[in-house]
Amino acid sequence: MIIKKLHEAGLRSEHAYCAALGSIGISFLSWATSAKLENSADVDRADRWGIFVGEWAPTFFGLGLALAQYEKDGLLHRR
């Protein structure tokens, strides 16, 4: 039901896949920026920022797969 509502709202599998890839890039950038701006002794915080944002990618990939399946099933029922 959630996937159906998201699809009806205009979210497509390509959007979720792009968000997943973007979150990987943002994860690296947040880690690098935090590591550079923070004290070199406090690398833990930079690692936490990178991991926090990096955890979004699997969620977006899973959402993309669910939406792709929903889109595929929708095409099969229309024929």
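The values are calculated or read from the model by the stated rules, or taken from the named source; none is laboratory data. Keep in mind it's a predicted model, so treat the numbers as computed, not measured. Positions of Cβ are backbone-derived with ideal geometry, glycine not excepted, and every protein chain shown enters the neighbour counts. Areas reflect the complete protein model, heavy atoms only, side chains present, ligands, DNA and RNA absent. Shrake-Rupley method; radii C 1.70, N 1.55, O 1.52, S 1.80 Å.
A few points about this structure:
- Positive-end residue, the chain charge dipole about Cα centroid, Cβ charges, pick of 54, 19, 35: 19
- Portion, in percent, of the accessible area of the chain that falls on carbon or sulfur, probe 1.4 Å: 66 percent
- Theoretical FRET efficiency, 1/(1+(r/R0)^6), r = Cβ-Cβ of residue 69 and residue 28, R0 35 Å, to 0.05: 0.75
- Plainly put, the chain has a radius of gyration that is 1.22 times its Kirkwood radius, both from alpha-carbon atoms, as the Rg/Rh ratio.
- Among 57, 35, 16: highest mean-square fluctuation, GNM of the chain, C-alpha pairs under 10 Å: 35
- Computed from label points 7 Å out along Cα-Cβ, the spacing between residue 9 and residue 48 is 2.9 nm.
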